[in-house]
Structures are given as structure tokens and as C-alpha cells.
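**Q** Here it is, the structure, as C-alpha cells.
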Amino acid sequence: GPHGVAYGHMLADVANVVHGEDPGARVMIGGIAYDSFLPPHGTRGFIKEFLPTVLATLNAKPGGARAYLDAIAVHYYSLQFPSIINKITEIRAIMQNHGVAALPIVVPETGYWSADSAGSNEARQAQRLTQIFVEGLAAGVRELSYFSVFDSGGGMETSGLFHGQDLSRPKLAYSAYRVLTAELTGAKYSRLLGQPGVTGYVFRMPQGSEKTVFWGANAAGSAVFGGSCLRRVDELGVANTINDGGPGDGDGQVNGQIRIAAAANDPAYVAACR
């Protein structure tokens, strides 16, 4: 809203009380929308200058903004920013400009809808859920929480993991969420895959091995991995083994490399066979 200065003063007062009672407590700003901006930055919704105004207000106080904040909380929906990385990059730039670049970023609310009327479907929702969490990890987001378990209405309010309020009717996104947690529990982001035609992120797993999550960048593509045997898991948990030169190896040769196809925007997890 338009009350960034007042919010900053309130936040400082609250932070002093909270930290006084419990020095280990975390005080956050937000979660802020930072999306669907009002003119001149957009046509509806939120004020783009809110976060910079709050941080500037806190910086004018003793100790600066870092004395009052322990994290920045941001919501993410694919409205203004097509990728969560785009949004987090812009938020970090604002934080850098106001001396709080070292603070962690958390995303207490993110989701994607499944309704045809909102230009989506169940398969697309499952894909976007996976992409959002994978790219959130790659962007260094400390915590991400999906919203929500159940649909709250029609259109863009169909972000639930289940149809309506019925736990016996899971959507594909529920399967994608379960696969995501099974495949990336304990993973630490390492680097971009960096191959043409695909979007991909490489993670270091707790036991020291690497796992890549990749998808075709707006069109079908493929990526090359070293090794003689790879395990590929799609976002819904269907797994298959691909041997060098065997079925699924796009180059068809025994050459120490395996080329794996990637459908457009359809994530898959790839790691060496155990």
C-alpha cells in the first residue's frame, strides 16, 4: 500500500519489543507482493516503491534496517515475473541498495493454478510447481511454502493440490510435490546446467553426488550428460534407466555420453545410476 513510511516505523517498534523479549526470534518484512504494479510500473495492484520506502525508513533509525530485520518475506506468483529467479534478483538488488543484501529471503506463499479458464490445466500446474521450487532453490531462497492444499475458488484460485476440499482427489500437482521432496531433500544448489535449448540446474546431494533438474526452454530440447548409466525421473515420479548407447540415449552411440530429450517446460530429474 501507500503507507511504506508508517509501516517502517511500526516494524521498528515491533522489532524492538520482539527482540527484547526473545533475541533469537526472527522479524521479517512481508510477505510482500511486489507484483501487478500500479502505474507507472503497471496497470493494477501494488506499489513498487513500498519495499524501498520501508527499508529507507528503517535505515534512518539507529542501527539501520539490519538492526530490525532478520529476513525479507516475498510472495511469488507468475504475474509480473515469469520466473521466481527474475523476482528474487530484483528484490536482492533493492536489498543491496539499502544495505541488507546479507539477509535471507523466504517465500511463505507461492502457487500456480490448474483451471482451464485461467489458461492452465493440471499438467501445467504440476510443471510450474516443480519449476518454481527448483528455481527458488537455485535463487538461494531459504524457505518456500506452497499455497495451498485446497482450491479456494475458480480461475486463478485453483492453486490447491487437491480438487475442491477433497483429500481423496489429488491433482497431478500433489504428485509433483511429493516427487520434488523425494528427489531434492537435502539438495544444495551447485550451478546452472548451461546447455543450449534447455533450462537446467545442478544440485549437490547429501552423499556428494550430483542431480540435475532440466526442461526444454519453451520448445523441445535435449541435454548431454557424462556417464554410462543415468536414472531419469519425470515430475510425476515415472522413472527409467538410460544406458549409454541404449534406448533413450539420443546420440545412439556408446561414447561415454548420454543425450536425454526434454519436452518443452516439462521438468525431469537426472542422476547417475546407483
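The values are calculated or read from the model by the stated rules, or taken from the named source; none is laboratory data. All values derive from a computational prediction rather than experimental measurement. Every residue, glycine among them, receives a Cβ derived from its backbone with ideal geometry; neighbour counts consider all protein chains shown.
**Q** Could you grab me the full set of residues in segment 31-46 that are in a loop (DSSP other than H, G, I, E, B) and modelled with pLDDT under 90? Don't jump to the end; show me each part of the working.
**A** Keep residues of segment 31-46 that are in a loop (DSSP other than H, G, I, E, B), which gives 33-36, 38-45.
Ser36, Leu38, Pro39, Pro40, His41, Gly42, Thr43, Arg44, Gly45 - these are the residues of segment 31-46 that are in a loop (DSSP other than H, G, I, E, B) and modelled with pLDDT under 90.
**Q** I'd like the full set of residues that are surrounded by 13 or more Cβ atoms within 10 Å (Cβ to Cβ), part of a helix (DSSP H, G or I) and without any contact (Cβ under 8 Å) to a residue 24 or more places away in the chain, limited to segment 1-18.
**A** Ala6, Met10, Val18
**Q** So which residues in segment 82-104 are of a type outside the set (S, T, N, Q), modelled with pLDDT of 95 or more and under 28 Å from Leu172 (Cβ atoms), if there are any at all?
**A** Ile84, Ile85, Lys87, Ile88
**Q** Also, quick follow-up: From the list Gly208, Gly245, exactly one residue is part of a loop (DSSP other than H, G, I, E, B) and surrounded by 15 or more Cβ atoms within 10 Å (Cβ to Cβ). Which is it?
**A** The unique qualifying residue is Gly245.
Let's see how each residue does on (1) in a loop (DSSP other than H, G, I, E, B); (2) at pLDDT 95 or above:
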position	(1), (2)
Leu137	no, yes
Gly140	yes, yes
Gly153	yes, no
Ser159	yes, yes
Gly164	yes, no
Ala173	no, yes
Glu183	no, yes
Gly186	yes, yes
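**Q** If you check Ala73, Ala123, Ala56, which single one turns out to be aliphatic (A, V, I, L, M), closer than 30 Å to Pro170 by Cβ, in contact (Cβ under 8 Å) with a residue 40 or more places away in the chain and assigned to a helix (DSSP H, G or I)?
**A** Ala123
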